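The values are calculated or read from the model by the stated rules, or taken from the named source; none is laboratory data. This structure is a prediction, so every number in the text was calculated from the model and none was measured. Just so you know, the surface numbers come from the protein's heavy atoms only, side chains and all, with ligands and any DNA or RNA stripped out. Shrake-Rupley method; radii C 1.70, N 1.55, O 1.52, S 1.80 Å.
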Amino acid sequence: QVQLAESGGGLVQPGGSLRLSCAASGSMFSRYNMGWYRQAPGKQRELVARITSGGSINYADSMKGRFTISRDNAKNAVYLQMNSLKPEDTAVYFCNAALGFTYYWGQGTQVTVSS
């Protein structure tokens, strides 16, 4: 069992930055593929970025060059650095841990980009 807790969301102006953190409890964190997803009102949840247990990274096209995902296995944590934020980045951001066919989700953290 893995429990995930996101933090770092908030209100930011367009062009600003935020850093999201996801703290994971439980063992074997390093074996999990970790991801950030987001869900805007009235829209489906979508992938933002993913980092595998081996460190391979992929981003959704609209986030490339603006967002950076990283992980610290010693701290059981994954991060999402978000730069050059746009109003369309407004959403609830969720942390995801995946191992085989088992998935865990955090409760989400709200990110609002508005002037």
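Under the criterion of Cα pairs below 8 Å and six or more residues apart, the relative contact order for region 66-115 equals 30 percent. Shape descriptor for region 1-69: Rg over Rh equals 0.98 (Cα atoms; Rh from the Kirkwood inverse mean 1/r). Phi angles of region 47-52 translate, via the Karplus equation with coefficients 6.51, -1.76, 1.60 and θ = phi - 60°, into HN-Hα couplings of 5, 9, 7, 9, 10, 7 Hz per residue; Gly and Pro are given as x.
Please list, ordered by chain and number, the residues whose modelled amide H lies under 5 Å from the amide H of Thr90; skip anything fewer than 5 residues away on the same chain. Excluding prolines and chain starts, which carry no amide H, the hits are Val113. Here the contact order of region 1-54, divided by its residue count and restricted to Cα pairs under 8 Å and six or more residues apart, works out to 28 percent.
In order along region 68-81, the Karplus-derived 3J(HN,Hα) couplings, from 6.51 cos²θ - 1.76 cosθ + 1.60 at θ = phi - 60°, round to 9, 9, 8, 9, 10, 5, 5, 9, 6, 9, 10, 10, 9, 8 Hz, and Gly and Pro are given as x. Coupling constants for region 34-42 follow from the phi torsions by the Karplus curve (6.51 cos²θ - 1.76 cosθ + 1.60, θ = phi - 60°), and in residue order they are 10, x, 10, 10, 9, 9, 8, x, x Hz; glycine and proline get x. In terms of accessible area, using a 1.4 Å probe and ignoring ligands and nucleic acids, Leu11, Leu85 rank largest first as Leu11, Leu85.
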